[in-house]
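I have placed the structure first, in the form of structure tokens, so that the comments after it can refer back to it.
The values are calculated or read from the model by the stated rules, or taken from the named source; none is laboratory data. Being a predicted model, the structure only gives us computed values, none of them experimental. No Cβ is skipped: glycine too gets one built from the backbone with ideal geometry, and neighbour counts run over all protein chains shown. When the accessible area is computed, the model is the full protein with side chains, heavy atoms only, and any ligands, DNA or RNA have been set aside. Shrake-Rupley method; radii C 1.70, N 1.55, O 1.52, S 1.80 Å.
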Amino acid sequence: MSTTATRPPARGTARTGPSTLNRTLRLARTEFTLFVRYKTALMYLIMPAILFMPLWSTPSAPVFGDFTTHDLSLASAVIGIGLMLGIGHPSNVFAARRESLVLKRLRVSGVPQTAIFGSVTVVVVVFSVALTAVILGAVAALGGKVPADPVMLAVAVLLSSVAMTLVGLLITPLVRSAESAQMFSVVPMMALLLTGGIFLPLDLLPEPVRVVVQFLPVAPAAEMAQAAYTGYDVFGGYEGAEALGTAALWVGALPAIGVMAAWIVVLSLLVRRYFKWDPRQP
């Protein structure tokens, strides 16, 4: 009588590659290094500082409570940091990388789109939030006011930075070179600055125009930043604005968060559909 021993099947030794999150973070570290070395990127960091100069040169007037037009302008202007950086930087560098076939090599090597786009988004968000903290910290150190809800302010900057980065990525398929991207990006940049309540308070706009711009990706973020900075419900306008607690303020901000989240989804789908990886791609 013979006994036949059966061996258990050998376990597979296949190794899985890094996750999309790990790839995104690795690329983000590279993007951070390149951003610091990239001289044009420094221009986009300086531009928001220039934006604050005309805001402080205008006469200040009381609006509600202890807050003036300067306070509200400061709060909305921090959204301009992510707007300028998000539109200007990705459109420029991705157009240059497409020309040099870097993007094509990344795609051929199997790097997912989410990691490529996510890495530059992380850099824009980090620098936008950091520069906002530096500016508001300097204002507070000089005797200015401290944001009533710093978390809401950070969320407003984060959401607007993500949306504006996607706008910058959408510009890339429309241009052929990094130089043309720099010039073309000024158009949506200025349009959103003027209609987003940053240069011009939304209360000064005609009511039909004000209703329309509140559904654009910048105005809700600017109102959210003003509410976070003052602690007042400014989502329905300055007239009759009331001071609210933290929970009530977040409830009032939900429509603005919903508008920005919807824009992020729509812009993400457009970037995924229309982004060009090869300079010869029609």
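Just one of the numbered conditions (1) open to solvent by less than 10 Å² (accessible area, probe 1.4 Å); (2) out of contact with any helix residue (DSSP H, G or I) (no Cβ under 6 Å at 6 or more places or on another chain) is not true of residue 176: (1). Scanning the stretch 154-170 for residues that are open to solvent by less than 30 Å² (accessible area, probe 1.4 Å) and more than 14 Å from the chain's Cα centre (by Cα) turns up nothing.
Can you pull out every residue in the stretch 152-193 that is polar (S, T, N, Q) and part of a helix (DSSP H, G or I)?
Result: 160, 161, 165, 172, 180, 182, 185.
Only one of 191, 181 is free of Cβ contacts under 8 Å to residues at least 60 places away in the same chain, within 29 Å of residue 39 (Cα to Cα) and under 21 Å from the mean Cα position of the chain (by Cα); which? Exactly one residue qualifies, and that residue is 191.
Listed conditions (1) modelled with pLDDT under 90; (2) among the β-branched types (Val, Ile, Thr); (3) touching a Gly at 6+ places or on another chain (Cβ under 7 Å) are all met by residue 195, apart from (3).
How about the stretch 238-255: which of its residues are of a type in the set (Phe, Trp, Tyr) and at pLDDT below 90? If you could, list the steps in order and put the result at the bottom.
The first filter runs over the stretch 238-255 and keeps only residues of a type in the set (Phe, Trp, Tyr), leaving 238, 250.
Correct list: 238 only.
In this structure, does residue 143 turn out to be open to solvent by less than 20 Å² (accessible area, probe 1.4 Å), farther than 21 Å from residue 252 by Cα and out of contact with any Gly (no Cβ under 6 Å at 6 or more places or on another chain)? For residue 143, the condition - open to solvent by less than 20 Å² (accessible area, probe 1.4 Å), farther than 21 Å from residue 252 by Cα and out of contact with any Gly (no Cβ under 6 Å at 6 or more places or on another chain) - is not met.
Of all residues in the stretch 195-222, those satisfying the criterion of being touching a helix residue (DSSP H, G or I) at 6+ places or on another chain (Cβ under 6 Å), in a helix (DSSP H, G or I) and not basic (Lys, Arg) are 195, 202, 213, 219, 220, 221, 222.
Cβ-Cβ contacts under 7 Å between residues 6 or more apart (or on different chains), taken from a first residue in the stretch 247-262 that is within 11 Å of residue 152 (Cβ to Cβ) and free of Cβ contacts under 8 Å to residues at least 60 places away in the same chain to a second residue that is open to solvent by 40 Å² or more (accessible area, probe 1.4 Å) and among the acidic types (Asp, Glu), are listed as 252/233. Of all the residues in the stretch 244-282, those that are surrounded by 14 or more Cβ atoms within 10 Å (Cβ to Cβ) and over 25 Å from the mean Cα position of the chain (by Cα) number 2.
Are any of the residues in the stretch 202-219 within 15 Å of the chain's Cα centre (by Cα) and open to solvent by 50 Å² or more (accessible area, probe 1.4 Å)? Reasoning before the result, please.
Taking the stretch 202-219 first, the residues within 15 Å of the chain's Cα centre (by Cα) are 216-219.
Next, only the ones that are open to solvent by 50 Å² or more (accessible area, probe 1.4 Å) stay: 216.
For the stretch 202-219, residues within 15 Å of the chain's Cα centre (by Cα) and open to solvent by 50 Å² or more (accessible area, probe 1.4 Å): present.
Could we say that residue 235 is part of a loop (DSSP other than H, G, I, E, B) and modelled with pLDDT of 85 or more here? So residue 235 fits the description; yes. Against the criterion of being in contact with a Phe, Trp or Tyr (Cβ under 6 Å, 6 or more places away or on another chain), open to solvent by 40 Å² or more (accessible area, probe 1.4 Å) and not polar (S, T, N, Q), residue 191 does not qualify. Residues of the stretch 19-33 that are at pLDDT 85 or above and surrounded by 14 or more Cβ atoms within 10 Å (Cβ to Cβ): 23, 24, 25, 26, 27, 28, 31, 32.
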